[in-house]
1. Going through segment 280-328 one residue at a time, which ones are among the acidic types (Asp, Glu) and crowded, with 20+ Cβ neighbours inside 10 Å?
2. Inspect segment 206-219 for any residue being within 22 Å of the chain's Cα centre (by Cα), of a type in the set (Ser, Thr, Tyr), part of a loop (DSSP other than H, G, I, E, B) and surrounded by 19 or more Cβ atoms within 10 Å (Cβ to Cβ) and give the result as yes or no.
3. Taking segment 252-293 as the search range and keeping residues that are away from the ligand (no atom under 16 Å from the Cβ) and basic (Lys, Arg), which one is nearest to GLY319 (Cα to Cα)?
4. Quickly run through segment 391-436 and pick out the residues that are part of a strand (DSSP E or B) and away from the ligand (no atom under 16 Å from the Cβ).
5. Sort through ALA234, ALA310 and tell me the only one that's in contact (Cβ under 8 Å) with a residue 60 or more places away in the chain, aliphatic (A, V, I, L, M) and either assigned to a helix (DSSP H, G or I) or more than 15 Å from the ligand (Cβ to nearest atom) (or both).
6. For segment 346-381, enumerate the residues that are surrounded by fewer than 24 Cβ atoms within 10 Å (Cβ to Cβ) and of a type in the set (Val, Ile, Thr).
7. With the structure loaded, tell me whether SER369 is of a type in the set (Ser, Thr, Tyr) and touching a residue at least 40 places away in the same chain (Cβ under 8 Å) or whether it fails that test.
8. What's the number of the condition ALA179 fails, among (1) of a type outside the set (S, T, N, Q); (2) modelled with pLDDT under 95; (3) more than 27 Å from GLN305 (Cα to Cα)?
Amino acid sequence: MSDRLCLPRVLPGLHLGCRGQLAVVGVHGPGRHPAAFLGKPVADRGDNGRMAAHDGREASRGPRPSRCREAGRGAGRPPRGRTRLLAMAARLASNKNGRGSVRYVVLGNSVAGIAAAEAIRRHDPEGKIDVVSDEKAFGYSRAMLPLYIAGKKTKRDTVFAPRDFYSSRRIRLHQGQTAESVDVLTQQVRLGNGKRLPYDRLLVATGSASRTLDVPGKELQGVFLLRRMTDAEAIKRHLRSCRGPVVIVGGGLVGVKTLEAMAGKKKEVHLVISSDRILSQMLDRTASDFFLRAFERHGLHVHLQTDVTAFHGRERLEGVALSDGTRLSCDLAVVGKGVTPNIGCVRDTGVALNQGVRVDTRMATNVPSIFAAGDVAEPVDVLQQRNLPSTIWPSATEGGRIAGLNMAGVPATFSGALRMNSVEILGVRAISAGVWEGGEQLTLLRPDRPLYRKLIHADGRLDGFLLLGDVRCAGVLTSLVKTRAEVSVQALAKDRDRGFSYRPRLYALGGSIQTGECGGMRN
Ligand SMILES: Cc1cc2nc3c(=O)[nH]c(=O)nc-3n(C[C@H](O)[C@H](O)[C@H](O)COP(=O)(O)OP(=O)(O)OC[C@H]3O[C@@H](n4cnc5c(N)ncnc54)[C@H](O)[C@@H]3O)c2cc1C
């Protein structure tokens, strides 16, 4: 298929290629398999003993029936009483009852599900692919919703899988249909309309849902979550009819991006955050302080270490009460207090769950023929070497693609989830990956301009980095963290050829290299 799906580059600075991969330099050394960096031979990781090519590319082509196998490390053990049930499911999974084509069912029509469907169709031209979505929209980018609210992107701009994506790949899309439950014995998905969809391979890519703020008044008109296009449309509509201040609750990606969207609306805007910094999942104190000062300059009000204790109003929102006793009047509130994985349809099925669905490096669950990817899945984390939620776009893209390949019988391994993110706030970019505290710190800080680069080195490896202002070499650094390649502090500071040199630019800019904690930067 020549017209490949090009997923949008949602993370400025982290380039997603047409196959949704990070465009990074020198990811794997010659002859090394990505799984080798995780410290275990591939065959030990539930790959049915077949070696995958580098970077998850296929080692052989064509769909193959899945086999009954031991669950890979990290996929979790089923409760004892379910062992027989799982064995029966395994027998069913390996038997297509003489039918010619494989029936694939994908639950969730967002980035993970779409990347999987794309990978399946590439390698199995005959298979029957059904994608089930409880939304009515075609595949769109949630990361762009704040830009849509801001009026900087149209609804159409957010769509990365339009109608003809499905028709040209013969994918049947069930829009506005909820997958209520999965029967692993008969291998069927029960839909909200009562229909049953039989499957040979199932992908759970149901993503996550926004956490609600459980305080009085949360149901008032004017209090919104922001997860779906319908939320963004409702916020836009409400904005047209309200003149008063806006309160945003939560300093994560959703909160900060919404804050920026509101900044251009000539409104009084307040950001209420429980912690002492914004984007605590990706910034340290220094970087957060930089952006907080920028917010102040733009007239945006930030309330740190404070919670919303109630929303007030009769039918419509009129104000919020904060835990420090402050009362803010407002017409609109957007809550971004984290997410919970949508695991409802696989609860009590024998599929191993933590907060999300546990998967091995093939994105396979412990139940034969059932895979999971995206926000709902818990893959093995590169640094912590255990199953953890990874609710970011790059994990969903790559996890979905790897799941799709394995579902189509093409062995591929996910090299592991890595905490990383990239944002552009008020024109300044920041990118981080891995960890950005602890270890030996190599810091470049320019006090009089937005320039801050910090590398965390431990045990001969780069454990993470944080770049602000100058985000060059983010791809190289990401690959160093992800592959767990050995690199010395000296090499990080000196090596010009590989593009992460500090000294030449340091002299040019007159900044300082420090190890240990650093001070602030002016902006
Ligand atoms: C406002 C916003 C900004 C973001 N910004 C960034 C960013 O800058 N960088 C970044 O990395 N990530 C960002 N994210 C997160 C990113 O969008 C998610 O990681 C990504 O969308 C996860 O994709 P997914 O395919 O796993 O699931 P989702 O995108 O959550 O999609 C899952 C789909 O499955 C559907 N579904 C759920 N249950 C069922 C069911 N039972 N039956 C049928 N359908 C079902 C859902 O309705 C949804 O359509 C942002 C998210 C939001 C909301």
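1. ASP284
2. Yes, because at least one residue in segment 206-219 is within 22 Å of the chain's Cα centre (by Cα), of a type in the set (Ser, Thr, Tyr), part of a loop (DSSP other than H, G, I, E, B) and surrounded by 19 or more Cβ atoms within 10 Å (Cβ to Cβ).
3. Of everything passing the filter in segment 252-293, LYS267 is nearest to GLY319 (Cα to Cα).
4. Within segment 391-436, no residue meets the criteria.
5. That would be ALA310, the only listed residue that is in contact (Cβ under 8 Å) with a residue 60 or more places away in the chain, aliphatic (A, V, I, L, M) and either assigned to a helix (DSSP H, G or I) or more than 15 Å from the ligand (Cβ to nearest atom) (or both).
6. THR349, the sole residue that qualifies.
7. Yes, satisfied.
8. Among (1) of a type outside the set (S, T, N, Q); (2) modelled with pLDDT under 95; (3) more than 27 Å from GLN305 (Cα to Cα), the lone unmet condition for ALA179 is (2).
The values are calculated or read from the model by the stated rules, or taken from the named source; none is laboratory data. Predicted model, so just to flag it, every value in this text is computed and none were measured. Counting neighbours? That spans all protein chains shown, and the Cβs are built from the backbone with ideal geometry, glycine included.
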